[in-house]
Amino acid sequence: MRQTARIIPLGALACLASLAGCGDFGGSIKPTRDKPETTVSRPAADADAARGYITMLGELQSGSPAAQAELFQAARAAAESAPTTLNRLRYALMLALPGHAASDPVAARRQLSDLVARPELLLPSERALAAVMLAQVDERLVLVAESRRLQAEAAGHDKDRSAALAKRLQTELDENARLRRAVEDAQKKLDAVMEVERSLTGRGNPPKP
């Protein structure tokens with residue numbers, strides 16, 4: 001039995017993103033956003049990006065169903081109309097976050113995999129967040145598949161049990177029918193014997209004149 005998927009607290013994600021923002025994962029990756037980097041320093045931009053994502057996820061997680069739907073629809077519209085790395089990642093993270101109606105681990109895995117496949121487009125904190133959420137989504141999908149397998153297995157056992165009970169019931173019905181026919185045949189034979197005896201008795205005692 002597999003354990004339940006661990007939902008990583010947003011605070012832990014924030015710490016991870018902050019740590020990622022302090023380094024450059026080797027320093028050779030250029031900070032290629034969808035627009036050229038301005039005079040803002042890379043560490044500052046990385047920290048701002050991390051805070052933005054964490055704030056967004058916190059709002060989505062704690063909002064009312066109506067507020068969650070509004071945030072999600074806005075993120076999806078932005079990702080579709082202006083598919084920048086920022087908008088795509090925001091949308092992917094929302095898809096990956098459990099606990100709201102629009103959460104979709106399958107779509108989230110597809111979106112996050114595409115983003116992780118091009119790390120040069122992501123800041124260090126973004127790579128860290130995307131990797132963590134992708135790992136969590138993969139675990140959720142494994143658990144969903146395992147749950148479906150167990151349900152199918154249980155349904156198969158119930159079907160086999162029902163088939164066995166039906167077969168047993170039919171066997172008992174057939175046996176009862178056979179016994180009933182045997183009793184009827186025996187009764188017919190007994191009636192025939194008694195008829196013969198009555199006939200013989202009648203012949204052995206002819207009526208007196």
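The values are calculated or read from the model by the stated rules, or taken from the named source; none is laboratory data. Model, not experiment: these values are computed from the prediction. The accessibility values were calculated without ligands, DNA or RNA, using every heavy atom of the protein model including side chains. Shrake-Rupley method; radii C 1.70, N 1.55, O 1.52, S 1.80 Å.
Along the principal axes of its C-alpha atoms, what lengths does the stretch 101-209 span, in descending order and rounded to whole Å?
Extents along the principal axes, in whole Å: 132, 19, 18.
In whole Hz and in residue order, list the ³J(HN,Hα) couplings for the stretch 72-89 that follow from phi through the Karplus curve 6.51 cos²θ - 1.76 cosθ + 1.60, θ = phi - 60°; x for Gly and Pro.
5, 4, 5, 5, 5, 4, 5, 5, 7, 7, 9, x, 6, 4, 4, 5, 5, 5
Given the convex hull over the Cα atoms of the stretch 48-100, what projected area results after averaging over all orientations, in nm²?
Its average projected convex-hull area is 3.3 nm².
Leaving out ligands, DNA and RNA, and with a 1.4 Å probe, what % of the accessible surface on the stretch 49-206 is carbon or sulfur? Can you show the working numbers first?
Working: 5580 of 9680 Å².
Whole-percent figure for carbon plus sulfur exposure: 58.
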